[in-house]
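Here the structure comes first, spelled out in structure tokens, and everything after it is commentary.
Laboratory data are not the source of any read-out in this text; all were calculated from the coordinates shown. All of these numbers come straight from a predicted model, not from anything done at the bench. Reconstructed Cβ throughout: ideal geometry from the backbone, glycine too, with neighbour counts over all protein chains shown.
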Amino acid sequence: MTERGQELGLYAISVVAQLVGTGQQNIRLYERRGLLSPDRTAGGTRQYSNADLAILRRIGELLEDGLNLAGVAKVLELEDDNARLRAELKRRRPH
């Protein structure tokens, strides 16, 4: 959902689960719901980047605030749109 640029996936799902304090099944669910898209090795193993970790932490915050996954998806979408629009506005402003 979030644009990650060229950042490489560095972490296995087991490491990510420990770093963000959630279960591997939750992370897989978030991927199925389109909330994040980790890199994959040629063999199909997920590899998570620092940007993925940030998204997972944000998902955790939103869930703790009482949102369901549909609400989380909408908030992430709006945050991405907002960031994109701000970047576009910044590029268009004369220096």
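For the reader, a short list of remarks on this structure follows.
- Within the shell defined by Cβ-Cβ distances under 14 Å, the residues around L67 carry a net charge of -2, with Lys and Arg each +1 and Asp and Glu each -1.
- Here semi-axes √(5λ) of the Cα gyration tensor in Å was computed from the coordinates, and among (i) 43, 19, 10; (ii) 26, 16, 14; (iii) 25, 18, 11 the match is (iii).
- The long axis of helix 50-64 is offset from the longest Cα principal axis of the chain by roughly 80 degrees.
- The H on the amide N of D39, modeled in the peptide plane, is under 5 Å from the matching H of G9, Q47, S49, each at least 5 residues off or on a different chain.
- Note on L69 and K90: with the Förster distance fixed at 35 Å, the Cβ-Cβ geometry gives a FRET efficiency of about 0.65.
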